[in-house]
Every structure is written in structure tokens, then in C-alpha cells.
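What follows is a single structure, written as C-alpha cells, with notes after it.
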Amino acid sequence: MYRMAVSLVILLAALAASTVPGETRDVFFREDFNDLENWTPYTFPKVRAHSAYSILREGNRSYLKAESSVSASGIVCRHRFDVHRYPGAKWRWWVSNIYEKGNAAAKSGDDYPLRVYIAFEYDPGTAGLYEKVRHEAAKIIYGEELPGSALNYVWASREDETGVLTSPYAEEVKTIPLERGKTFVRRWREEEVNIFEDYGKAFGKDPPRTATIVIMNDSDNTGEQSTSYMDYIEIFR
């Protein structure tokens, strides 16, 4: 959603650039969702119904529970990281269902039962002329900056959604379906990506250095609902 893309960098700029000690020298950040202290709720002014994020405990395990019902909102990691130094990300996720009206190519279908955003800060030092003009115009007209670019790793609803796709709301957001269709619904799936390499494939250049993580379950466009879970997420090199 364009309103989401426009809003992400505003929140990103407000977050503290704190450093989190990793479990090993190669891990920058690992979240096992024992609580939500590392995450900030984020809602969109024009979306009345917000998705719900909570912690589910089962024995000695805990999970992020993300519930959406004709709603949209996300949680944003409080910690930013250097993508050039820590390009790896991996996580384990589960969805109750996909969206029958889900369609990555259409604004009306731009919903996912679970998505992991890697949202990059706008970097004027590496931005092209068009990007600079666009950002300056936004400041003058709207009084706020437009976002930097983003990679949107999703659990897609359609089997034919493959490769790198451009968001129907913003060219600066590239969508990468990691799971597609009903095949693995209600089954845990583990993902591992190289953010640096994926950014190069998506945008044809190296990514900005600084980014953060956004997790979302949204269904405001399709008018559907789902419940999803994250076991953990990790940023590493």
C-alpha cells in the first residue's frame, strides 16, 4: 500500500539507532518473541481497523501471533542494522490461510497473511536526481519525506506470483514471494534470504546501508481475514 510505504521512513527516522549484541559474533539481532519489547506498533491514519499482534506461549516456546480481519497495521523493529555488514535474514513462519482475492499486481489485492519488510532509510548521498527531486517536492507539498526503498518478502496467495514484483502502490517497494498458494498453508516454513543480493536484483544497485524490519498481516484491501505466526527472526552475516 502506498500509504504504508510513505509512512515507513517517517517512523524509521524516529527510531533510535541502537546496537544489539548478537548471540555470536556473526549475529546482529535475533528475536524469539518472548515479548514485544523490541517492536513498535505502527498504524495507518486512514485505516480504521488495525491488525492485532500478541505473544502466544506453548510450554517453553513463544511465538508472535498476527491476526488480521479487514485490517492493516504492523510492528516495526526498534533496532536498525547495517545491511552491508549483516546482509543475511532468516525466519520461520506459519499462516492459517491465503487470501482468495490476493493479487500482487493489483491495489485491490495487495494484502498478505504475513510479510517481512526490510525498509531502507532514504540516503540522499546515493539517490539519483529523480529521487532527490521527488523527496524535496514531498517536503514542500506535504511537509514530510517520502520513504526510501523497501524489499517486501511475502507469503503470496497466488501460485503464479514469482520473481521480483513491483508494488502496485510504489515503485520503490519490490515484492519477493517466498511462499505461494495453498501448498504449505498451516505448515511451518523456514526462510533464508540475502538482503544485499536481493536488493541488487530488484533495483540494479547496492542497497542503502541502514534498514529495519517490519512485520505485517494485512487484509484491508481484500476484505478477508487470517491468523499467522512467526517463530523467530534473525539478522546475521
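Laboratory data are not the source of any read-out in this text; all were calculated from the coordinates shown. Computed from a predicted model, the values in this text were never measured in an experiment. FYI the Cβ positions are ideal-geometry reconstructions off the backbone, even for glycines, and counts take in every protein chain you see.
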Problem set entry | Spherically averaged projected area of the stretch 145-237 from its Cα convex hull (nm²) | 7.2
Problem set entry | FRET efficiency, residue 30 to residue 188 (Cβ-Cβ, R0 25 Å, nearest 0.05) | 0.90
Problem set entry | Segment residue 37-residue 67, extension gain: residue separation times 0.36 nm, minus the distance between their alpha carbons | 8.9 nm
Exercise. When averaged across all projection directions, what area in nm² does the alpha-carbon convex hull of the stretch 47-96 cover?
Worked result: 5.4
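Using the structure shown, select from 46/90; 65/90; 65/205; 46/174; 46/107; 90/182 the pairs with a Cα to Cα distance greater than 25 angstrom.
Checking Cα-Cα distances, 46/90; 65/205 exceed 25 Å.
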